[in-house]
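Here is the structure we will look at.
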Amino acid sequence: MSRFPIVRAQIVLAMFVVSAALGVDGQAFEIGIIDFYGVRTVSASDVRGALTFKEGDTIVIADDKPRTIRTSEERLARLPGIAHAHIEVVCCDSGRVTLFVGVQERGASDLRLRPAPAGAVRLPADVVLAGEEYQKAHTSAVQRGDTAEDRSKGHSLMHDPAARTIQESFVVFAKRDLTLLRKVLRSSSDPAHRALAAQVLGYAEDKQSVVDDLVRGMSDPDGGVRNNAMRALMVFGEAAPGPNGSVPRIPLRPFIELLHSLAWTDRNKASGALMALTARRDQGSLAELRKSALTPLVEMARWKSAGHAFPAFMILARIAGYSDEVARGFWENGNREVVIKTTMGGQ
């Protein structure tokens, strides 16, 4: 098997908010898909009716959130039974964007996040520069379609030479600055430094030693920090077992809590991590997911955006007892509901 397997489009988990990742400020895109989450007791037709856009419309991406999205969020928040609303624009499928429309109904539990830290500690200049260069190299690679990466060591090493070289420097930084990275993630007032610290901590030689740091990062008030912490832990979960068969021990509960988040990025990354962490089919973990996460997983598995629905679908299939091979057969034949209904029937 190649050290850099080409990841099938339907299971690529790292998608990008359009304006941030692609530098397309002011460009117009067609809305290809609108998917929803958080809708439980409120009428789904009322939620869709509150939107000021529909599939097939054109949306202009700029530095600020488009007016039609701001207006839709305000209209959603005024619906009876809804406390908050959030809409995320995600690129791209055949040049079209996907809009994820999330609502938090009144009475739903709020996500428990820590207060923003106020510490003055910062990362060294060479680490910051490496982080900036990696973002450029990674974005360039994604635009060329070169998303392959080797995760066997418990951290990402991309096929793209420029990105890979910078990632290899992260290994050096994680060894040199381990104590400082932990301190920055815990206490820096700068969210960009905390997010980069979480990313570089994923390259620590002893993965288990930084699990607690990254799990704590999952409750950071900044979404970018949570995203990087979860991605590092997700890749830990995909590492090849050590010589004695050992793998990092990572708790599921923090990911389950983020499946209920109003932020789409939390749900997306949590589902990807949970797909990795359930690959070994620990029955206790699957039972915990059945008990605490079935509703959001079912909702996500029904998304029209196939690449983002796939992790939740696979988790449900494992809960239901299907092998991954059988589950992929259902998926490829368009039979998602067979798995979903089987899983729900076991409640």
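Can you tell me which residue among R106, R122, R96 is over 22 Å from the mean Cα position of the chain (by Cα) and farther than 17 Å from A198 by Cα? The unique qualifying residue is R106.
Screening the range 208-324 for helices (runs of 4 or more DSSP H) wholly inside it with 3 or more residues that are more than 30 Å from L185 (Cα to Cα) returns the ranges 283-292, 294-301, 306-320.
Quick one: would you say S152 is touching a residue at least 60 places away in the same chain (Cβ under 8 Å), polar (S, T, N, Q) and either surrounded by fewer than 16 Cβ atoms within 10 Å (Cβ to Cβ) or out of contact with any strand residue (DSSP E or B) (no Cβ under 6 Å at 6 or more places or on another chain) (or both)? For S152, the condition - touching a residue at least 60 places away in the same chain (Cβ under 8 Å), polar (S, T, N, Q) and either surrounded by fewer than 16 Cβ atoms within 10 Å (Cβ to Cβ) or out of contact with any strand residue (DSSP E or B) (no Cβ under 6 Å at 6 or more places or on another chain) (or both) - is met.
Taken over the range 63-74, residues that are at pLDDT 95 or above and touching a Ser or Thr at 6+ places or on another chain (Cβ under 7 Å) amount to 2. So is I250 closer than 30 Å to A85 by Cα and either β-branched (V, I, T) or modelled with pLDDT of 95 or more (or both) or not? No, not satisfied. Out of curiosity, is L157 free of Cβ contacts under 8 Å to residues at least 24 places away in the same chain and surrounded by 18 or more Cβ atoms within 10 Å (Cβ to Cβ)? In short, yes. Against the criterion of being more than 22 Å from the chain's Cα centre (by Cα) and within 30 Å of S45 (Cβ to Cβ), A130 does not qualify.
Taken across the range 260-277, residues that are surrounded by fewer than 19 Cβ atoms within 10 Å (Cβ to Cβ) and touching a residue at least 24 places away in the same chain (Cβ under 8 Å) do occur, with at least one present.
All of S219, S188 fail the test of being over 20 Å from A137 (Cα atoms), buried (at least 19 other Cβ atoms within 10 Å of the Cβ) and at pLDDT 95 or above, apart from S188.
The values are calculated or read from the model by the stated rules, or taken from the named source; none is laboratory data. Because the structure is predicted, anything quoted here is derived from the model rather than measured. Methodologically, a virtual Cβ is constructed for each residue, glycine included, from the backbone with ideal geometry; neighbour enumeration extends over all protein chains shown.
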